[in-house]
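Following: one structure in structure tokens, then a few remarks.
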Amino acid sequence: MQKLVITAAICGAEVTKEHNPAVPYTIAEIAREAKSAYDAGASIIHLHVRHDDGTPTQDRARFQEAVDAIRKLCPDAIIQPSTGGAVGMTDLERLQSTDIVPTPEFATLDCGTCNFGGDEIFVNSDNTIKNFAKIMKERGIKPELEVFDKGMIDIALRLDAKGLLVHPLHFDFVLGVQISATVRDLVFMAGSIPPGATWTATGIGRSAWTIAAASIAMGGHVRIGFEDNLYLEKGVLAKSNGEMVEKVKAIAKLLGREIANPAEARVMLGLSK
Ligand code: KMH
Ligand code: ZN
């Protein structure tokens with residue numbers, strides 16, 4: 001089986017220090033969390049940024065500062081800015097994260113609208129998705145296709161048919177927001193993408209560990225981190241993103257899967273130019 005690529009989603013836009021005091025807000029905290037994940041074996045840092053008070057922002061200058069700080073501590077990490085931002089942000093606000101120097105090699109592309117709980121709706125109209133894909137292609141940024149259910153895979157494949165995506169396609173199956181976070185649904189999602197495409201899986205909340213283990217066993221890759229889950233095990237808050245990456249590594253070791261370094265991840269995901 002291919003080596004395992006671990007993505008650390010270190011911050012997110014929704015979780016707060018009230019949920020887990022280790023959730024990073026400041027640039028120094030974000031850099032600290034990125035380094036903890038990188039040192040533990042994550043080759044991709046999925047990045048959101050916050051103001052110092054924890055408010056999510058897609059501000060270009062704040063992203064630049066965060067990326068520069070991470071780069072100092074994790075020189076060869078793949079830094080993947082979010083273009084999803086937080087619920088309610090405009091498209092222009094969200095796209096600022098791709099407008100930094102150097103241009104990111106990777107960024108998220110959310111492939112549909114979904115319910116985020118309560119009255120929260122994460123809106124991605126067909127035009128938004130198409131425009132984001134076009135801009136990323138023009139800037140030479142590979143999209144990670146964020147799909148929260150099977151219909152979003154189909155939306156991505158329609159974009160691909162219009163020549164708007166970059167091959168090999170890379171999907172992130174986010175399970176537990178819209179589609180349920182079960183192994184049955186993970187198998188369904190993984191069976192719904194074209195041959196040659198690569199995939200990562202993310203389980204939200206306590207399902208993170210089941211989905212990580214299933215993904216490792218199936219030959220997929222894993223995303224873990226505070227954005228998706230705050231607990232190392234039932235009732236035990238994770239002290240850092242690195243602690244969670246270590247747990248993924250331990251599961252991978254038990255299942256006989258080696259961990260990819262950033263250079264290997266770039267080749268496997270088609271990020272090397
Ligand atoms: N925070 C969500 C509204 C992404 O990073 O592209 C969007 C999100 C997906 O987290
Ligand atoms: Zn995100």
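Just one residue in the set Leu269, Leu254 is at pLDDT 95 or above, in contact with a strand residue (DSSP E or B) (Cβ under 6 Å, 6 or more places away or on another chain) and aliphatic (A, V, I, L, M); that residue is Leu269.
Look through Ile30, Ile78 and report the one residue that is modelled with pLDDT of 95 or more and within 28 Å of Val236 (Cα to Cα). Let's see the steps before the verdict.
Values: Ile78 fails: within 28 Å of Val236 (Cα to Cα).
Selected residue: Ile30, the only one of Ile30, Ile78 that is modelled with pLDDT of 95 or more and within 28 Å of Val236 (Cα to Cα).
This table checks each residue for (1) hydrophobic (A, V, I, L, M, F, W, C); (2) within 15 Å of ligand 1 (Cβ to nearest atom); (3) without any contact (Cβ under 8 Å) to a residue 60 or more places away in the chain.
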site: Asp149; (1), (2), (3): no, yes, yes
site: Phe171; (1), (2), (3): yes, yes, yes
site: Gly176; (1), (2), (3): no, yes, yes
site: Arg184; (1), (2), (3): no, no, yes
site: Met189; (1), (2), (3): yes, no, yes
site: Ser192; (1), (2), (3): no, no, yes
site: Ile204; (1), (2), (3): yes, yes, yes
site: Asp228; (1), (2), (3): no, yes, no
site: Val236; (1), (2), (3): yes, no, yes
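Among residues of segment 83-102 being surrounded by 21 or more Cβ atoms within 10 Å (Cβ to Cβ) and within 10 Å of Ala13 (Cβ to Cβ), the one that is nearest to ligand 2 (Cβ to nearest atom) is Gly84. In segment 107-119, the residues that are closer than 23 Å to Ile45 by Cβ and modelled with pLDDT of 95 or more form Cβ pairs under 6 Å with partners that are among the polar types (S, T, N, Q) and within 8 Å of ligand 1 (Cβ to nearest atom), at six or more places apart or across chains, as follows: Ala107/Thr83; Thr108/Ser82; Thr108/Thr83. Condition first: over 18 Å from Gly225 (Cβ atoms), modelled with pLDDT of 95 or more and away from ligand 2 (no atom under 14 Å from the Cβ). Can you find one or more residues in segment 4-27 that meet it? Among the residues of segment 4-27, not one is over 18 Å from Gly225 (Cβ atoms), modelled with pLDDT of 95 or more and away from ligand 2 (no atom under 14 Å from the Cβ), which makes the answer no.
Would you mind stating whether Met218 is under 17 Å from the mean Cα position of the chain (by Cα) and under 30 Å from Ala250 (Cα atoms)? It would help to see each step written out before you state the result.
On the way: under 17 Å from the mean Cα position of the chain (by Cα): no; under 30 Å from Ala250 (Cα atoms): yes.
No; evaluated as a whole, the condition is false for this residue.
For (1) touching a helix residue (DSSP H, G or I) at 6+ places or on another chain (Cβ under 7 Å); (2) not aliphatic (A, V, I, L, M), each residue gets a yes or a no:
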residue	(1), (2)
Asp99	yes, yes
Pro104	yes, yes
Leu109	yes, no
Asn127	no, yes
Lys150	yes, yes
Leu157	no, no
Val174	no, no
Ala181	yes, no
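Being within 30 Å of Arg71 (Cα to Cα) and over 18 Å from the mean Cα position of the chain (by Cα) narrows it down to one residue among Ile135, Ile141, Ile121, Ile155; which is it? Walk me through how you get there before you give the answer.
Details: Ile141 fails: over 18 Å from the mean Cα position of the chain (by Cα); Ile121 fails: within 30 Å of Arg71 (Cα to Cα); Ile155 fails: within 30 Å of Arg71 (Cα to Cα).
Matching residue, one of Ile135, Ile141, Ile121, Ile155: Ile135.
Condition first: over 21 Å from Val267 (Cα atoms), surrounded by fewer than 24 Cβ atoms within 10 Å (Cβ to Cβ) and either away from ligand 1 (no atom under 16 Å from the Cβ) or of a type in the set (A, V, I, L, M, F, W, C) (or both). Now tell me which residues in segment 1-22 satisfy that. Of everything in segment 1-22, those that are over 21 Å from Val267 (Cα atoms), surrounded by fewer than 24 Cβ atoms within 10 Å (Cβ to Cβ) and either away from ligand 1 (no atom under 16 Å from the Cβ) or of a type in the set (A, V, I, L, M, F, W, C) (or both) turn out to be Ala13, Val15, Lys17, Glu18, Asn20, Pro21, Ala22. Considered as a group, the residues in segment 172-188 that are under 23 Å from Lys247 (Cβ atoms) and within 17 Å of the chain's Cα centre (by Cα) include one that is surrounded by the most Cβ atoms within 10 Å (Cβ to Cβ), and that residue is Phe173.
Could you say whether any residue in segment 247-254 is closer than 29 Å to Arg50 by Cα, part of a helix (DSSP H, G or I) and of a type in the set (Val, Ile, Thr)?
Taking segment 247-254 as the starting set, the residues that turn out to be closer than 29 Å to Arg50 by Cα are 247-249.
Within this subset, residues satisfying the condition of being part of a helix (DSSP H, G or I) are 247-249.
Those still in the list that are of a type in the set (Val, Ile, Thr) too: 248.
Yes, the conditions are met somewhere in segment 247-254.
Of the helices (runs of 4 or more DSSP H) lying entirely inside segment 1-111, those containing at least 1 residues that are closer than 21 Å to Ala208 by Cα are 27-40.
When you scan segment 127-141, do you find a residue that is surrounded by fewer than 19 Cβ atoms within 10 Å (Cβ to Cβ), without any contact (Cβ under 8 Å) to a residue 12 or more places away in the chain and closer than 23 Å to Leu47 by Cα, even just one? Yes, that holds for at least one residue. Tell me, please, whether a residue that is touching a Leu at 6+ places or on another chain (Cβ under 8 Å) and not acidic (Asp, Glu) can be found in segment 91-106. Yes.
The values are calculated or read from the model by the stated rules, or taken from the named source; none is laboratory data. For clarity, every value in this text was computed on a predicted model and none was experimentally measured. No Cβ is skipped: glycine too gets one built from the backbone with ideal geometry, and neighbour counts run over all protein chains shown.
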